[in-house]
Structure formats: C-alpha cells, structure tokens
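Written out below as structure tokens is the structure these notes cover.
The values are calculated or read from the model by the stated rules, or taken from the named source; none is laboratory data. From a predicted model like this one, the values you see are computed outputs, not experimental measurements. Heads up, the Cβs are rebuilt from the backbone with ideal geometry, glycines too, and the neighbour counts pull from every protein chain shown.
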Amino acid sequence: MARTSKAKQNKALEQRPWEAAAVQEGIQYEKIGGYVYELRELEADGAEARDLFLDRVYKVEHTDKTDFDYIQIDSDGADAPERQFAEKLDSREDVKFFMKLPDKFKIETPVGPYNPDWAIIKQDENGEQRIYMIRETKSTLDESKRRPTENAKIKAATEHFKQLGIGTETVPGYAVSTPGNWGL
C-alpha cells in the first residue's frame with residue numbers, strides 16, 4: 001500500500017469536506033495521566049513569551065529616520081549591543097536613515113552566507129555629503145571572544161563592501177560596532 005504525505009492527505013480532506021466531517025465525528029479525546037493544562041498556565045506561558053518578545057524590540061523615537069516603528073533586536077536585555085546601537089542611531093542628528101537589515105539580506109563569503117546588522121545613511125561634518133555605511137554590532141572587538149567563522153565572515157564583508165566603494169576615506173563603509181566604539 002502506498003503512503004501519502006500529510007500535506008496530500010490534508011489537501012484531499014479540504015477538497016472533500018464531507019470526509020473531514022466524518023473523520024472528526026469519530027475522534028474522541030481523553031485525559032492522559034489526569035493532567036489538564038489550565039488557563040492560568042496558558043496565561044503564564046503567554047506572559048513569558050510576551051516579555052521575551054518585548055525585551056527584543058526597540059521602539060523607534062524618530063520614525064522619520066526608518067521605515068519601521070519597532071526594530072527587532074537579536075540579543076536579550078536593555079544592555080544588548082544592538083539595542084544600544086539602535087538608540088544611538090535614533091538619537092543622532094547626523095543619522096538621516098537607518099534600518100536593521102532583514103535576514104534575507106545576505107552576502108556570500110568563503111565560509112557561508114553572512115547577514116550584517118545595519119544599513120545607515122548619515123551626513124558628514126559639514127552636513128553636505130551623504131555617507132553610506134553597513135555596521136555589524138558585537139559586544140566586543142576582541143576576535144578571540146568570537147567564533148572563528150564569525151571573524152572570517154566579518155573579514156570577508158570588510159573586503160566586499162570596500163570593493164563596492166561604500167564609505168569614505170575617514171569613515172569605513174563597513175565596520176564592527178561595539179559599545180564605546182560605535183564607529184559612526
């Protein structure tokens with residue numbers, strides 16, 4: 001007897017609703033081991049998930065500088081480097097636009113695809129020239145405290161963006177930004 005995938009079975013039931021109704025009529029649910037998942041447990045789980053979500057979101061103050069009202073932060077906590085960096089970008093007058101790059105924005109490197117954190121447009125000191133920058137936020141510049149593949153991707157990205165001509169002589173187009181050394 002040939003087996004069919006769950007997706008094919010579900011599609012077949014969607015096309016023949018009378019069969020789905022017949023299958024549902026024969027289903028019985030029973031307590032197993034006397035355990036009941038109570039509403040207060042659902043509420044507690046929901047509150048925990050909500051708090052985790054809110055801990056990983058930054059509310060943008062100056063929404064004219066970005067396309068989004070909120071930015072998803074990859075790290076937990078108020079001290080997360082990405083959150084601090086978002087606050088810094090949001091508060092600076094010379095930063096005209098910034099965005100957290102989506103996961104699908106990747107550059108190919110010899111050690112696999114790499115997704116930098118931020119795209120930024122700012123004005124130079126004279127307020128004339130626009131400077132385009134890509135930044136990766138990390139908690140440290142110390143390469144020994146990061147994974148070797150992470151360091152290899154960062155080195156490849158440095159060369160990639162240099163070849164594209166992003167940045168200026170004084171402001172690199174791509175750099176790692178850390179608390180205390182944002183490189184803007």
- Task: Under 9 Å between Cβ atoms, at least 6 apart or on separate chains: pull out the pairs that start in the range 113-128 with a residue that is in a loop (DSSP other than H, G, I, E, B) and end on any residue that is among the acidic types (Asp, Glu).
- Result: ASN115/ASP103; PRO116/GLU136; ASP117/ASP74; ASP117/GLU82; ASP117/GLU136; ASP124/ASP94; GLU125/ASP94; GLY127/ASP94
- Message: I'm checking my understanding of the structure. Among residues of the range 64-101 that are within 25 Å of GLU128 (Cβ to Cβ) and among the polar types (S, T, N, Q), which one is modelled with the lowest pLDDT?
- Response: THR66
- Task: Looking only at the range 161-181, count how many residues are over 23 Å from LYS145 (Cβ atoms) and under 19 Å from the mean Cα position of the chain (by Cα).
- Result: 0
- Note on the structure: Among THR137, THR109, THR170, THR149, the single one that is in contact with a strand residue (DSSP E or B) (Cβ under 8 Å, 6 or more places away or on another chain) and among the hydroxyl-bearing types (Ser, Thr, Tyr) is THR137
- Does the range 135-153 contain any residue that is more than 21 Å from the chain's Cα centre (by Cα), of a type in the set (D, E, K, R) and part of a strand (DSSP E or B)? no
- Residues in the range 61-105 that are in contact with a helix residue (DSSP H, G or I) (Cβ under 6 Å, 6 or more places away or on another chain), buried (at least 16 other Cβ atoms within 10 Å of the Cβ) and in a loop (DSSP other than H, G, I, E, B) total 1
- Note on the structure: The condition of being of a type in the set (Lys, Arg) and surrounded by 14 or more Cβ atoms within 10 Å (Cβ to Cβ) holds, among LYS145, LYS138, only for LYS138
- Test ILE131 against the criterion of being on the phi < 0 side of the Ramachandran plot, surrounded by 14 or more Cβ atoms within 10 Å (Cβ to Cβ), of a type outside the set (Ser, Thr, Tyr) and touching a helix residue (DSSP H, G or I) at 6+ places or on another chain (Cβ under 6 Å), and give yes or no. no
- Message: For the range 152-177: of the residues being surrounded by fewer than 15 Cβ atoms within 10 Å (Cβ to Cβ) and not charged (D, E, K, R), which is farthest from GLU108 (Cα to Cα)?
- Response: THR170
